[in-house]
Each structure stands twice: as structure tokens, then as C-alpha cells.
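Here is the structure we will look at.
The values are calculated or read from the model by the stated rules, or taken from the named source; none is laboratory data. This one's a predicted model, so the numbers in the text were calculated from it and none came from an experiment. A quick note on method: Cβ atoms are made from the backbone with ideal geometry, for glycine too, and the neighbour counts reach across all protein chains shown. For the accessible areas, the whole protein counts, side chains as well, though only heavy atoms, and no ligand, DNA or RNA atoms are used. Shrake-Rupley method; radii C 1.70, N 1.55, O 1.52, S 1.80 Å.
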Amino acid sequence: MERSSSSDDITGWFEEVATNAEKVQMEILKRILEMNHGAEYLKKWLGDIDVENMDAHVLQSLYVSMVPLASHVDLEPYIQRIADGDTSPLLTKQPITTLSLSSGTTEGRQKYVPFTTHSSTTTLQIFKLAAAYRSRVYPTREGGRILEFIYGSKQFKTKGGLSAGTATTHYFASREFRIRQEETKSFTCSPQEVIFSGDYKQSTYCHFLLGLFYSPQVEFITSTFAFGVVQALTLFEDYWRDLCSDLSNGTLSQRIITIPSIRKSVLDLIEPNESLAAWITSKCEELEGSGWHGLIPKLWPNAKYVCSIMTGSMQPYLEKLRHYAGDHLPLVCADYGSTESWIGVNMDPCSAPEKVTFTLVPSFAFFEFIPLYRPNHQPPKACDHTVAVAGGTGDNYLEDDPVPLSQVKIGQQYEIVLTTFTGLYRYRLGDVVEVAGFFKGTPKLNFLWRRKLILTVNIDKNTENDLQLAVQKGSQPLINSGAELVDFTSHANIVNQPGHYVVYWEIKGEVSEHILGQCCKEMDAAFVDHGYVVARKTNSIGPLELCVVERGTFKKIMEYFIGNGATMSQFKTPRCTTNQVLLRILNLCTVKRLRSTAYH
Ligand code: AMP
């Protein structure tokens, strides 16, 4: 869509809140506390203070001094009571009727988080805001289509009768999702029946069929996380002949699409298009020969960009996504948010995924920032509250008291703390960000990694990002030999002494035993955490084990999660697991095991 007055309205609104970020934050906190005054959790910490008649500045000081920092486990008993049907004001004054399930694929366990209309409203706001910034550099045509690889998860009722499902599912089912399409005048190719089919393969097939049917009108391609686009395009490599046949005849393969509601909704939309099918067939024949390089721009020649979350744990899929996007189609990073709250918008769609920053939206929640320091990088002298591992995350960070948005410093790393309209109070999100700069009065954040420790045997401490870096380094010999690392996960094996790390790789292409041995050794050496290095040298941690799993293993893992209520839209491969079902799948599918040699 060309720049419209509504896109100017939303960017104008954002400039205003960004300019007055400090004041907006104080007012947001006051509003949250006024709205939820009297809720059991707040009462426990704030007693009966007169929130309404208190100056916003005084209230903020009082709030941060009286309400403690909390982790999900601290709020879980309240959320569980809500899920079980307790309608008294526990976290919010208004009863919560819907709960979101965070993807849980990082922690291996899904968490319930309250969801209210505020959650959908902010989703709509950030989508419109990001669309306005994108349209400045990549204008799209009004009335165009979006090929969206989006999936609703199963929605179910909790014991107390509340609807529960993932946050994206609630959003796709909401009024706001329809409003977004109408207001931005760009429409998703697939109808609701396809998004909510409950079978991601059937949904993906139909997303493609409709995406190809509307091919000339497709303005951009998107999924929540980059994994979603990569996974879909991998399926396309298997499906394209069926898709071309269906496109040519205006049919839907009986073998692939079995759900009646999705059959009807798609057949109502498509018509036979022999010439388009013939054109796509010839393109696919060419593409198959070139390993599908540049698939997206070849089949969707009018697409202006691909937009997804490509940062953090999505970085390992970037190379594959670039392969599918070819050399010229821009990759645009989608915004930064979580089931708990939206956080920041990508104002500069031209930024490469490696450099993108997210400008914090100060009206979405009340944000605090816990300064984090590496033990060898001493905090400034004035900060003498610094304590080791105060958050109990067990990682190597030292932390200081949280600061408000107005006091963050460029170049400093922080953990984000949220106070939301949905009843989370001083809630540690566990994400580490670095302040890259400011837009007016609001910080621009680089997403760094999740804080949670994933690999530890004894004195070693490795986070998701440490593993990601070690895998990146260790897989170089494999990549140089022309093979591809499809996905990976890990496990700290402490059953046999000494304990050791097991890293599972799924590989595409042929790799010799010699190269895999080299990878294993380099990966072991790439864990630079001091504890790991010392423990390896003294052999209190044994040699790293590299397990090569057969093709399709990670698809099985994804299907296991989806079968348990996760959604493709929010799926992230767990980078470390202690889940026995997953370990059984991984070990049964292991076709080769290697151990790194002596450690130097
Ligand atoms: P979930 O609530 O399970 O969907 O996951 C939310 C988490 O995904 C956040 O806390 C981040 O760790 C990660 N995440 C979300 N957006 C981004 C982004 N733009 N870049 C990197 N990681 C992100």
C-alpha cells in the first residue's frame, strides 16, 4: 500500500509517545495500577495505598520499592487459580477469560499467560506501525495479497472453563486481525478455515495453493518466526507437483487435503488456471536443478520482501532463508515481542538481520531494565548493589538494581522486566538486550539472547546463545564441504560419570566421518565458558558427543510439540532438552555417534 494518512497517523502517534517516553511510562504504570487496584497480588505488596490520588512519579518510586521482582513461578499459583475458575480479582480487577500458552519450546514446558483485549489491541498497533515503516521503503500495492504461513493452534478449555491457546491463535481469531487486513488494505491469501485447520501440513499446502493462485498479487511473504517460512518451503520441495496439478485443474488433492471445511473453503476460491500452472511447473523444474535457490522471487515475482523474526534463536535459519530468497529480495526483520507483551518495533526495515534494532514502544507496558555485567567487565564504581546470580538463572552475569527506561545507557546489556495491563507485575522476561541508541526519548534495543542456562553438567554455564555460537563454529567444516546443517539440539548427559554434552545434528548432504570428527572437536573447543574449559581440562566433563540423526527427525520433534498444543506459528526448536520423549526420538533416530578427542 502506498503511504496513506492512516500510516502517517500511526507514525505520528509513535513519535509523540517516543518523545515523551518517560512521562508515558509513568502514566502507563499509574493506569495499570488504577485498573487493577485491589487485585490480590497487588494488595499483598501495596496494601491499600491511594493509587488514584497519588502523583505518578511518587507512585512509580513506591511501586518499585514495594513490589518485588517476580519470575513466572512466583505468579504461577495465581494463574493456576484463574485457570481453575477462581473469578475473584487475583492479578487483575476484571476477570481474565482467556489464557495464552507461550510456545514453551525453549523451556520445554508451556506457560500460561493472561490474555485480554489489550493484548490484541497492542498486536494490531505494532503491526500497523511496522507496516507503516515498511511501506516507506518498500511500498506495496493497495488491495494486494500477503502469503502468510500462519497457523492457529488447538484452542481448549481449562478446568475452570477459560479458553486457552497460543497468543498468535487468539490474535488470528480476533476482530483485530480482520481490522488489520481492512485498514492496511492487504489481505492474507488463506481463509480462516485454512489458518485454523489444526493440521499444519494441510494448512501449508493450502497456503501455497492460494499463494500460487494469487501469485501476481502477492506483495510480501511472512510468518511469525523465520523457521515457519523455511519449514514451509522445505515442504514445497515435496509438494510442488501436486500443487501444479491442483492449480491446473482447480482441484484439491484428495490424498493431501482431507479436512472437509478446508476443502470447501479453498475450492470456493480457486479456479482452474492451466497457463499459470504450466508457468510454475517450468519454473520449478529449473529451480529443482539449482537446489531451489531464489525460489521466492521466481514464483512470486511481485513480492517486495520476506518478513519474519530472524533474530535470536532464529539466526540458524537465516542462511536457508537467504538461499530461498535469492540474492536480491530483501529480508525484513519482524518486531520484538513475547506472549507476555509486545516490546519494540523495527523502524528501519532495510537493516540486515544481524544489525536490526527494535525501538521500544513505551505505551505497551511499564518497562524496567536490570543492568547485567560479565564478571570480568566490572560495573561502574557507583553501583555497589551488584550481586552474583541474583535472578537465580545461574548464568555468569552479575546484576544491578533495575532502572527505568529513562536511565538506560547505550552499550549496556539489560534483562527486561515487564509490568503489564494483563496482570504481570515486575515480571522478569529472561531476555537480554543491549541498548544500541535512542529514538527521541525511547531506547533502540538489540535482541541478544535468552538468559536461561541450558547446558550445565557441574561448574560449566552455557546459554542458548553459547550453544548457538559453538554449533556455528563447529559446523564450518561441514558447510565448507557443501553439506547443510538443518537443525540442532543438545542434552547434558549426567547419567554416566564424567557427565558430558551431547549435541544432535540433522544434516542434509553427504559428509565424511573425518569431517564430522573435525566438527565434533571444533564444537567442543568452541564452548569458551571458563567453567567448561576448566572442567574439560580436568576431565570432570567428558568429551563432547556429536549425534547425527536421520533426516526428518526435527520434523518429528516439531510434530510432537504441535500434538501437545504448540503451534507452528510460534514454534522454536528447543535448543536443549531433558524431555524423555524427545530424547527417545533423538536417540532412536541417531545414525552416527562421534566423541571429540582429547581436550587441549
Ligand atoms: P513466545 O512468547 O513463546 O512466543 O516467545 C517469545 C520470545 O521469543 C521472546 O521472549 C524472545 O526471546 C523471542 N523473540 C521474540 N521476538 C523476537 C525477535 N524479534 N528477535 C529475537 N527473539 C525474539
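A few comments on the model shown:
- Given (1) open to solvent by less than 20 Å² (accessible area, probe 1.4 Å); (2) outside the structural domain of residue 227 (by TED's automatic domain parsing); (3) in contact with a strand residue (DSSP E or B) (Cβ under 9 Å, 6 or more places away or on another chain), index of the condition residue 132 fails: (3)
- Restricting region 430-439 to residues that are surrounded by fewer than 22 Cβ atoms within 10 Å (Cβ to Cβ) and within 21 Å of the chain's Cα centre (by Cα), the residue that is farthest from the ligand (Cβ to nearest atom) is 435.
- The criterion of at least 2 residues that are in contact (Cβ under 8 Å) with a residue 24 or more places away in the chain, polar (S, T, N, Q) and surrounded by fewer than 18 Cβ atoms within 10 Å (Cβ to Cβ) is met by the following helices (runs of 4 or more DSSP H) wholly inside region 1-53: 5-19.
- Applying a threshold of 8 Å to beta carbon distances and a minimum spacing of six or more residues, or different chains, the list of pairs starting in region 477-495 at a residue that is in the same structural domain as residue 572 (by TED's automatic domain parsing) and ending at one that is acidic (Asp, Glu) and in a loop (DSSP other than H, G, I, E, B) reads 483/510.
- Subset of region 214-230 that is more than 16 Å from the ligand (Cβ to nearest atom) and assigned to a helix (DSSP H, G or I) - its residue that is surrounded by the most Cβ atoms within 10 Å (Cβ to Cβ): 215
- Candidate set from region 288-311 (those that are over 27 Å from residue 143 (Cα atoms) and surrounded by fewer than 19 Cβ atoms within 10 Å (Cβ to Cβ)); member that is nearest to the ligand (Cβ to nearest atom): 293
- If the condition is being in contact with a strand residue (DSSP E or B) (Cβ under 7 Å, 6 or more places away or on another chain) and either farther than 22 Å from residue 346 by Cβ or in the same structural domain as residue 467 (by TED's automatic domain parsing) (or both), then region 292-323 contributes only 302.
- Selection status of residue 78, modelled with pLDDT of 95 or more and closer than 30 Å to residue 463 by Cα: yes
- Considering 558, 523, the condition of being touching a Gly at 6+ places or on another chain (Cβ under 8 Å) and either part of a strand (DSSP E or B) or aliphatic (A, V, I, L, M) (or both) is satisfied by 523 alone.
- For region 561-600, the tally of residues that are under 28 Å from residue 112 (Cα atoms) and assigned to a loop (DSSP other than H, G, I, E, B) stands at 13.
- Any chance residue 574 is under 17 Å from residue 455 (Cα atoms) and within 16 Å of the ligand (Cβ to nearest atom): yes
- Spans of strands (runs of 3 or more DSSP E) in region 94-196 with at least 2 residues within 16 Å of the ligand (Cβ to nearest atom): 98-101, 112-115, 163-166
- Which listed residue, of 163, 253, is in contact (Cβ under 8 Å) with a residue 12 or more places away in the chain, closer than 22 Å to residue 564 by Cβ and open to solvent by 10 Å² or more (accessible area, probe 1.4 Å): 163
- Residue within region 326-340 that is among the polar types (S, T, N, Q) and within 13 Å of the ligand (Cβ to nearest atom) present: yes
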